[in-house]
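What follows is one structure encoded as structure tokens, with my remarks underneath.
The values are calculated or read from the model by the stated rules, or taken from the named source; none is laboratory data. Source: prediction; values computed, not measured. As a convention, Cβ positions derive from the backbone with ideal geometry for all residues, glycine included, and neighbour counts pool all protein chains shown. The area values use the complete protein model at the heavy-atom level, side chains included, leaving out ligands, DNA and RNA. Shrake-Rupley method; radii C 1.70, N 1.55, O 1.52, S 1.80 Å.
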Amino acid sequence: MSMRLVEDASDDTYILDIRDITLTPALPWLGHQVRWEMDGHLKETVDLTRVTCNVIMKFGPVKMLDKSYRLPDLLAGMGTRLSGDPRLPAGPWKQAWNLRLPETVPVARHRIRLRARTGNGKNFLALDIPLDFSHRFRPAATANSASRVLRLTRSQAERGARGRGWKEWKEANGRVVWGE
């Protein structure tokens, strides 16, 4: 099965250079929590309270949502918040959020386009997130499946952006990872 769950659509003009995104569980289900961990490098100081996120959600050709949010408001709507000092200096940045997926999302395949800009209008990050909620996913009964993760590295995103395609998933040690 070939699948892209989170695509880094940014280029060199973006302030955040994403190195790794991990989702646990790898295949989230409606009404449940997903842990989003992001590792990257900030090219300059950013005040996260002033970051504006434009979210477009499509169901096939139908645009279900096209709205801009301040990052703290977007996170609050998903049951979490910014932690620590929101004014980040240039350099390495790691962040983790436990996001609650709403149950009210229609059972279907969706495509989420997230574009974020800093308070002074610079490109912050760009993500494309295709999600398949064509079935109401339920947590698996085994403890092993709860620990499965999806990992996307910057080099894999760049290979995909150059048209080389994405490798198939490999399962190893109860973790689902992108193949090399």
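Considering T22, T80, the condition of being in contact with a strand residue (DSSP E or B) (Cβ under 8 Å, 6 or more places away or on another chain) and part of a strand (DSSP E or B) is satisfied by T22 alone.
Results for (1) over 20 Å from T22 (Cα atoms); (2) open to solvent by less than 90 Å² (accessible area, probe 1.4 Å); (3) in contact with a Pro (Cβ under 7 Å, 6 or more places away or on another chain), shown as yes or no for each residue.
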residue: V46; (1), (2), (3): yes, yes, no
residue: G60; (1), (2), (3): yes, yes, no
residue: K67; (1), (2), (3): yes, no, no
residue: R100; (1), (2), (3): no, no, no
residue: T118; (1), (2), (3): yes, yes, no
residue: G121; (1), (2), (3): yes, yes, no
residue: L127; (1), (2), (3): no, yes, no
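Restricting attention to the range 97-112, the residues being assigned to a strand (DSSP E or B) and touching a residue at least 60 places away in the same chain (Cβ under 8 Å) number 4.
Looking across the range 75-85, not a single residue is surrounded by 15 or more Cβ atoms within 10 Å (Cβ to Cβ) and more than 21 Å from D20 (Cβ to Cβ). Residues in the range 1-22 that are at pLDDT below 85 and of a type in the set (A, V, I, L, M, F, W, C): M1, M3, L5, V6.
Looking at the range 19-35, can you tell me whether even one residue there is surrounded by 13 or more Cβ atoms within 10 Å (Cβ to Cβ) and within 20 Å of K122 (Cα to Cα)? Scanning the range 19-35, I find at least one residue that is surrounded by 13 or more Cβ atoms within 10 Å (Cβ to Cβ) and within 20 Å of K122 (Cα to Cα), so the answer is yes. Kindly indicate whether R113 is touching a helix residue (DSSP H, G or I) at 6+ places or on another chain (Cβ under 8 Å) and open to solvent by 70 Å² or more (accessible area, probe 1.4 Å). Taking the combined requirement at face value, the residue does not satisfy it.
For L30, the conditions (1) more than 20 Å from E7 (Cα to Cα); (2) in contact with a helix residue (DSSP H, G or I) (Cβ under 9 Å, 6 or more places away or on another chain) all hold with the exception of (2). Kindly check whether there is at least one residue in the range 66-74 that is charged (D, E, K, R), in contact (Cβ under 8 Å) with a residue 60 or more places away in the chain and assigned to a helix (DSSP H, G or I). No, the range 66-74 has no match at all.
Among the residues examined, W93 does not qualify as touching a residue at least 24 places away in the same chain (Cβ under 8 Å) and under 19 Å from D132 (Cα atoms). The condition (being touching a residue at least 40 places away in the same chain (Cβ under 8 Å) and over 15 Å from D128 (Cα atoms)) is satisfied by just one residue among G60, G40: G40.
Looking only at the range 12-31, residues that are touching a residue at least 40 places away in the same chain (Cβ under 8 Å), more than 11 Å from the chain's Cα centre (by Cα) and closer than 20 Å to E44 by Cβ come to 6 in all. Of all the criteria given as (1) over 18 Å from I129 (Cα atoms); (2) modelled with pLDDT under 95; (3) of a type outside the set (S, T, N, Q), the one not satisfied by R100 is (1).
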